[in-house]
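Each value in this text was obtained by applying a stated rule to the coordinates, not by laboratory testing. Since the structure is predicted, the reported quantities are computational estimates derived from the model, not experimental observations. Reconstructed Cβ throughout: ideal geometry from the backbone, glycine too, with neighbour counts over all protein chains shown.
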Amino acid sequence: MSDFDLTGQTALVTGSGRGIGKGCALELARAGADVIINDLPGSPDLEATAAEIRAIGRQCYIVAEDAFSQEGVQRIFDSAIEQAGDLDILVSNPAYTRRAEFLELDPEDWEKTLQGTLSAGFRISQLVARHLVQRGRGGSMIFISSVQAVMPIGLSVAYNAAKAGTDHMMKTIAMELAGHRINVNSIQPGWIDTPKERETWTEEAIVEQGQLLPWGRLGTPADIGKAAVFLASDAADYITCVTLPVDGGFRHRDCGVSRVEQMMQE
């Protein structure tokens, strides 16, 4: 059996109707895990995502609940346990953001971003961690962070702060749970080609901007999902308290030879 085989394990992926969360759910299923997917009530994406997972040959359970409130998170966890019976893996992927200049940012959007990104991640991870500790067989928790946790990208002060907080929270949780053999890590996606990005950028812009990155393209949800499989697998047994950038070199895009030569000419 491969160290990357997740057969017999069950994963909960929040915010997994589409985008990065869906990419994680699909890749975990391809690695052998049964998957509980979650998105907001009324999401048009959950059933289609569930059908894709079941077509892979894995069990898929749907939990349509709001991860932004304590009550909603409790319902997500309770429904996950009721339907699947157990949990081995958590991919915490709640997020909310509104791009705006710092001077113009509505304080309500600041609060909603921290609640929907940082606080939501705390709430679901605490419930899952209690379950994993009680059953006594270890497990894996993965937070979806962002390169914006370390890059002060403009128009994103609340999101940047929330993701930086997520990474530091992850490290504290990892140290507290190490004695229970629960691996806790985070993934920092770079610029990922998701449906939300396509609400902002045209196909032409996505291709053009992707070609400017060191890897020559934007990332895909599957790229993030494969990293989640690694961190949830036995291959990462000795890895905890780590932030893993999956960005195709996005953070260092101005360091390549061609870009340096261009700047020298300018």
Can you tell me which residues in the range 90-135 are among the small types (Gly, Ala, Ser), within 14 Å of the chain's Cα centre (by Cα) and in a helix (DSSP H, G or I)? GLY116, ALA120, GLY121, SER125
Got at least one residue in the range 226-246 being loosely packed, with under 15 Cβ neighbours inside 10 Å and either in contact with a His (Cβ under 8 Å, 6 or more places away or on another chain) or in a helix (DSSP H, G or I) (or both)? yes
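Have a look at ASP223, ASP234 and point out the one that is acidic (Asp, Glu) and over 19 Å from the mean Cα position of the chain (by Cα).
Details: ASP223 fails: over 19 Å from the mean Cα position of the chain (by Cα).
Of the residues listed, the single one that is acidic (Asp, Glu) and over 19 Å from the mean Cα position of the chain (by Cα) is ASP234.
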Residue that is surrounded by the fewest Cβ atoms within 10 Å (Cβ to Cβ) [pool: residues in the range 26-43 that are under 15 Å from the mean Cα position of the chain (by Cα) and within 15 Å of ALA84 (Cα to Cα)]: ILE36
For the range 44-73, enumerate the residues that are closer than 23 Å to SER119 by Cβ, of a type outside the set (Asp, Glu) and surrounded by fewer than 17 Cβ atoms within 10 Å (Cβ to Cβ). SER69, GLN70
What are the residues in the range 86-102 that are touching a residue at least 60 places away in the same chain (Cβ under 8 Å) and of a type in the set (Gly, Ala, Ser), if any? SER92, ALA95
For the range 68-79, state whether one or more residues are aromatic (Phe, Trp, Tyr), out of contact with any Cys (no Cβ under 9 Å at 6 or more places or on another chain) and within 21 Å of TYR159 (Cα to Cα). yes
If you scan the range 181-211, which residues turn out to be in contact (Cβ under 8 Å) with a residue 24 or more places away in the chain, buried (at least 16 other Cβ atoms within 10 Å of the Cβ) and not in a strand (DSSP E or B)? GLY190, TRP191, ASP193, THR194
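If you go through the range 103-145, how many residues are touching a strand residue (DSSP E or B) at 6+ places or on another chain (Cβ under 6 Å) and free of Cβ contacts under 8 Å to residues at least 60 places away in the same chain?
Going residue by residue through the range 103-145, those that are touching a strand residue (DSSP E or B) at 6+ places or on another chain (Cβ under 6 Å) are 121, 124-125, 128, 132, 138-145.
Cutting the leftovers down to free of Cβ contacts under 8 Å to residues at least 60 places away in the same chain gives us 121, 125, 132, 138-139, 141, 143.
Looking only at that region, the number is 7.
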